[in-house]
1. If you go through the stretch 14-30, how many residues are in contact (Cβ under 8 Å) with a residue 24 or more places away in the chain and assigned to a strand (DSSP E or B)?
2. Checking residue 11 against (1) surrounded by fewer than 14 Cβ atoms within 10 Å (Cβ to Cβ); (2) modelled with pLDDT of 95 or more; (3) not in a loop (DSSP other than H, G, I, E, B): exactly one of these is not met. Which one?
3. Please go through the stretch 58-83 and pick out each residue that is assigned to a loop (DSSP other than H, G, I, E, B), among the hydrophobic types (A, V, I, L, M, F, W, C) and either buried (at least 19 other Cβ atoms within 10 Å of the Cβ) or modelled with pLDDT of 90 or more (or both).
4. Between a first residue in the stretch 44-68 that is farther than 10 Å from residue 14 by Cα and a second residue that is part of a strand (DSSP E or B) and of a type in the set (Phe, Trp, Tyr), which pairs have beta carbons less than 6 Å apart while being 6 or more apart in sequence or on different chains?
Amino acid sequence: INQQSLPHNLILLQNTTATPNNADVSQFGKILYIVGATTSNYQSTGISSGASDSGLWGPINAGVYMLVCGILGHAESGMWAVLVASSNVSTPYATIS
């Protein structure tokens, strides 16, 4: 659920940088999946205020990924998190629902 006044989306990104360093998230990694937009409009389209969307990813290979908002400049301004996928983890650090 988007509880903010601005639209937002969520992108699973196979990143190539430690932190977002470009307003367009496709410039610092490969887009694997998008919730709330499409590959052609993720820079400007997202879930409206008060609306919700959901998605299911998987399986994904072991590695380091980012969850980012794809709206231009949002990830660069702090709307991102690192996701580590590993076959060595038996209990998740956090479960998000």
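1. Matching residues across the stretch 14-30 total 3.
2. (1)
3. To start, the set of residues in the stretch 58-83 that are assigned to a loop (DSSP other than H, G, I, E, B) comprises 58-62, 69-79.
Filter again for among the hydrophobic types (A, V, I, L, M, F, W, C), leaving 60, 62, 69, 71-72, 75, 79.
Of everything in the stretch 58-83, those that are assigned to a loop (DSSP other than H, G, I, E, B), among the hydrophobic types (A, V, I, L, M, F, W, C) and either buried (at least 19 other Cβ atoms within 10 Å of the Cβ) or modelled with pLDDT of 90 or more (or both) turn out to be 69, 71, 72, 75, 79.
4. From residues that are farther than 10 Å from residue 14 by Cα, the pairs are 57/33; 68/80.
The values are calculated or read from the model by the stated rules, or taken from the named source; none is laboratory data. Because the structure is predicted, anything quoted here is derived from the model rather than measured. Virtual Cβ from ideal backbone geometry, glycine too; neighbours counted across all protein chains shown.
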